[in-house]
Amino acid sequence: EARRQGRNGCVVYGSALGRGAMRRLQLEGALRRALAQSSFELHFQPQADLHTGALTGAEALLRWRDRDLGRIEPVEFIALAEDTGLITRIGTWVLENTCHQIRRWRDQGLDVPRIAINVSRLEIAQPDFVSGVLRTLVDHGLPGGTLTLELTEPALMHDVERLGQRLQALRAAGVRIAVDDFGSGYSSLARLSRLPLDELKIDRVFLATLQGNGAKVAAAVIGLGHTLGLRVVAEGVEREDQLDFLRRHGCDEFQGHLLSHPLDAATMGRLLGQARIQHRLVMDTASAPS
Ligand code: C2E
Ligand code: MG
Ligand code: MG
Ligand code: MG
């Protein structure tokens, strides 16, 4: 009995197609529609220097609200986009719209710090990825130094020679390369030491509780990053005790709800206006969660 008549007359595949599969189909259709209609939005989460409090950058984070399905979390739709191959088109949208936003802020006379975007392992694998990034920067009249690209460990698992060349070409243009969620994946230290990188972002799980081994790993990652000449950024910082810990261990920058939730572009723009005058970020700019 795989099928029975649904409430409004359509056939429901009760067991053949589980709820999970149904949700995926719905989401995939909605995701294609969202791409066609550009119904995504970018929010920006500030990052600050741990020692001076100065604004050092912001991470662009994708937001999506579907007309029918409501708000969908990136962890859900990014995974689906990777499975369906839609991620490369989404990545292009993110790159294009981030550069467009930076251009607008600059045209408003704002001092825009580096903006980081998340790059999927499937994007970096595209042969024309580097030329696409460089062309988009040029199209918006932006120097490479305006962007940081965040790669999670799975994105580092490609052929190390070719990946190294791609990253080096981006760095030569001034683009910074960060390893995101470091410590949560499987990248080897050999690989890490061979790739041309600028920044390590410590996965927030290591900072959740400061009593156990997690904090020891976080401290070791800070040391490792500095040994390799990288800047170390802590993410997901929510509490003062985490901030104290990071300061004591010489971490460079942080990001998290304690500093600010991700902000919509207008709010981020206002923050940039303030930062220009004060050049120091007030620690409680956090607005409504986004
Ligand atoms: P991520 O790159 O590690 O981004 C940081 C995530 O932590 C964001 O979740 C952010 O909202 C959240 N976060 C920030 N501060 C805190 C905090 O203090 N506490 C906690 N618990 N969480 C905090 P979000 O926006 O839901 O994104 C989740 C992931 O989805 C991102 O993790 C990234 O891997 C992916 N993602 C988001 N936007 C994009 C995108 O444009 N492209 C790609 N490829 N991936 C994206
Ligand atoms: Mg990230
Ligand atoms: Mg992260
Ligand atoms: Mg994460």
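The values are calculated or read from the model by the stated rules, or taken from the named source; none is laboratory data. Predicted model only: the values in this text are computed from it and were never measured. Cβ coordinates were reconstructed from backbone atoms using ideal geometry, including for glycine residues, and neighbour counts include every protein chain displayed.
Odds and ends about this structure:
- Taken over region 105-133, the criterion of being among the acidic types (Asp, Glu) and under 25 Å from Ala79 (Cα atoms) is satisfied by Glu123, Asp128.
- Filter pass, Ile87 being within 16 Å of ligand 2 (Cβ to nearest atom), closer than 15 Å to Leu167 by Cβ and not aromatic (Phe, Trp, Tyr): no
- Number of positions in region 202-224 that are closer than 14 Å to Asp181 by Cα and out of contact with any Phe, Trp or Tyr (no Cβ under 8 Å at 6 or more places or on another chain): 5
- On the stretch given as region 28-72, residues that are within 15 Å of the chain's Cα centre (by Cα) and either closer than 18 Å to Asp180 by Cα or of a type in the set (Lys, Arg) (or both) total 12.
- Between Ile90, Ile78, Ile102, the distinction of being of a type outside the set (D, E, K, R) and either within 16 Å of ligand 4 (Cβ to nearest atom) or more than 24 Å from Leu151 (Cα to Cα) (or both) belongs to Ile78 only.
- Region 207-235, residues that are of a type in the set (S, T, N, Q) and farther than 24 Å from Gln45 by Cα: Gln211, Asn213, Thr227
- Meets criteria (within 16 Å of ligand 4 (Cβ to nearest atom) and either in contact (Cβ under 8 Å) with a residue 40 or more places away in the chain or not polar (S, T, N, Q) (or both)) for Glu123: no
- Highlighted here are the helices (runs of 4 or more DSSP H) found entirely within region 153-262 that include at least 2 residues which are of a type in the set (S, T, N, Q) and surrounded by fewer than 17 Cβ atoms within 10 Å (Cβ to Cβ): 160-172, 213-227.
- Boolean, Val237 is within 16 Å of ligand 4 (Cβ to nearest atom), within 18 Å of Thr56 (Cα to Cα) and free of Cβ contacts under 8 Å to residues at least 60 places away in the same chain: yes
- Matching residues in region 159-203 - criterion: being more than 16 Å from ligand 4 (Cβ to nearest atom), of a type in the set (A, V, I, L, M, F, W, C) and at pLDDT 95 or above: Leu163, Leu167, Ala169, Leu170, Ala172, Ala173, Val175, Ile177, Leu195, Leu197
- Among the residues listed as Val175, Val160, Val179, the single one being of a type in the set (Val, Ile, Thr), more than 25 Å from Val112 (Cα to Cα) and in contact with a helix residue (DSSP H, G or I) (Cβ under 8 Å, 6 or more places away or on another chain): Val160
- Residue match in region 151-158 (condition: within 13 Å of ligand 3 (Cβ to nearest atom), at pLDDT 95 or above, within 20 Å of Ala58 (Cα to Cα) and hydrophobic (A, V, I, L, M, F, W, C)): yes
- Subset of region 82-94 (residues that are touching a residue at least 40 places away in the same chain (Cβ under 8 Å) and more than 9 Å from ligand 1 (Cβ to nearest atom)): Thr84, Leu86, Arg89, Thr92
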